[in-house]
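To keep things clear, I will list the structure first and then write my remarks on it.
We did not get these values from a lab; they are worked out from the coordinates using the rules stated. The structure displayed is predicted, hence computed values, not measured ones. FYI the Cβ positions are ideal-geometry reconstructions off the backbone, even for glycines, and counts take in every protein chain you see.
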Amino acid sequence: DTSQPHQAFRDSLRGQRVTIPSLHELFPEWMPRFHPDWQKARDEVLNPWLERWVEEPYTCAKLQAANFTIFAAIVCADASFDKLCTVAKYFAWYFVWDDPYQQKSKEYFEYTLLRRGSRPDLSSFTKGQQMALLCWDEVGEHIRRFLCSNNCQTLAEVRTFACLEVREILLETMLPFVESVDTVDSIYLHDNVPTVAEYWQRRDLTAAVYPVIATLFFIHDASTPVTSLKNPRLADLWKHTSYIVHITNDMLSMPKEAKDNQIEGLVPVLMMNYGIDCSTAMQWSFRLVQEIVKAIRDIERYLLEDTEKGEVNALLKKVFISGCKDVAMGLIHWR
């Protein structure tokens, strides 16, 4: 028996018609800006990097065709060329990494980003697993080198500490994704119908939105203690941004996923939980994302009226309101 869980439901998706609403209307004031050298970064840096580290020719060609540099060019529009290249590799790496989690993977990232402990012996890993880790060396090395050299000009001790703070944030947001990759489909086993809450939990882990948002610290030379991530407004902004990314990605992916017999997105989850058709579930998804945009507008409005000089409020104003829009809308544009 080669049937998959919910096979009858999968079969029922074929032939249903659905219209995807205009997602660019979510933030109509947003317009994409690109780093001027993004094509050079793609052709001279990212594509050769993929060729070095992705052995299977079809997979390598598929990753190159995805053109991750376009999204990197949006969030790095005003950054240096070196930062653009590093961020493009980092984004591409999320699609390279698909290996079962092992403790040594965590130790590897702790060593690469923080120089914590010693470099782990990866000889017990398969060649593919080793390459999926080692290809990240260039990313981690550049992040560490750039942050530390950039932060050691004046007020050396304070700036070096700021460098460590950013690397700790990058690690903390990255590890949940690394640990979750091999559990992606577990909530769909045995014909279980995942609840919407289970969908959100799985999506937050596997979609890598939080580590993508965290790269804004690196891109914009910003810093804050790891504990600041619990600040209610910062945490809400990141959560709302991740939900926008999840929902819009699933809306855009629905036609292809239905054709490929996949049901992991929000639209099928809503259909199975509430007994609605595909078109209705798509409209529900759009209304939900509109409500989340309103929540971001509320944070934005509060900050415009707020006169406090706190560090987190300054970060929100300087980096994360515009940066999170770049992440959410940039991914829609990239798609």
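In which sequence would Met131, Met31, Met271, Met254 go, from the one with the fewest C-beta neighbours within 10 Å to the one with the most?
Working: Met131 18, Met31 9, Met271 21, Met254 24.
So the residues, fewest neighbours to most, are Met31, Met131, Met271, Met254.
Eigen-decomposition of the gyration tensor built on the alpha-carbon atoms of the chain gives equivalent ellipsoid semi-axes of 33, 26, 19 angstrom, largest listed first.
Based on DSSP H segments of at least four residues, each scored -39500 (n - 2.57), the chain has a per-residue ellipticity at 222 nm of -20500 deg cm²/dmol. Listed here are the pairs Lys89/Lys325; Lys106/Lys230; Lys256/Lys294; Lys89/Lys239; which of them are more than 26 Å apart at the Cα? Pairs exceeding the cut-off: Lys256/Lys294.
What's the extension gain from Lys317 to Ser124 if we count 0.36 nm per residue and subtract their Cα-Cα distance? Could you put the intermediate results ahead of the total?
Values: separation 193, 0.36 × 193 = 69.48 nm, distance 4.65 nm.
Residue separation times 0.36 nm, minus the Cα-Cα distance, leaves 64.8 nm.
Calculated FRET efficiency, Ile276 to Ser228, Cβ-Cβ distance, R0 = 35 Å: about 0.30 to the nearest 0.05.
What ranking of Ile332, Ile20 emerges when the number of other C-beta atoms within 10 Å of each C-beta is taken as an exposure proxy, fewest first?
Arranged by neighbour count, lowest to highest, Ile332, Ile20 become Ile20, Ile332.
Modelled this way, with points 7 Å down the Cα-to-C-beta line, the labels at Arg297 and Thr59 are 4.4 nm from one another. Among the GluC sites (Glu not before Pro) within region 236-335, those in coil by DSSP and having at most 10 neighbouring Cβ atoms inside 10 Å are Glu308.
Provide, for q = 0.11, 0.12, 0.20 Å⁻¹, the log10 of I(q)/I(0) from a solvent-free Debye sum over equal Cα point scatterers in region 191-311. Treating every Cα as an identical point scatterer, log10 I(q)/I(0) equals -0.47, -0.54, -1.16. Among the trypsin sites (Lys or Arg not before Pro) found in region 28-134, those both in a DSSP coil and sparsely packed, with 16 or fewer other Cβ atoms within 10 Å of their Cβ, are Arg33, Arg115, Arg116.
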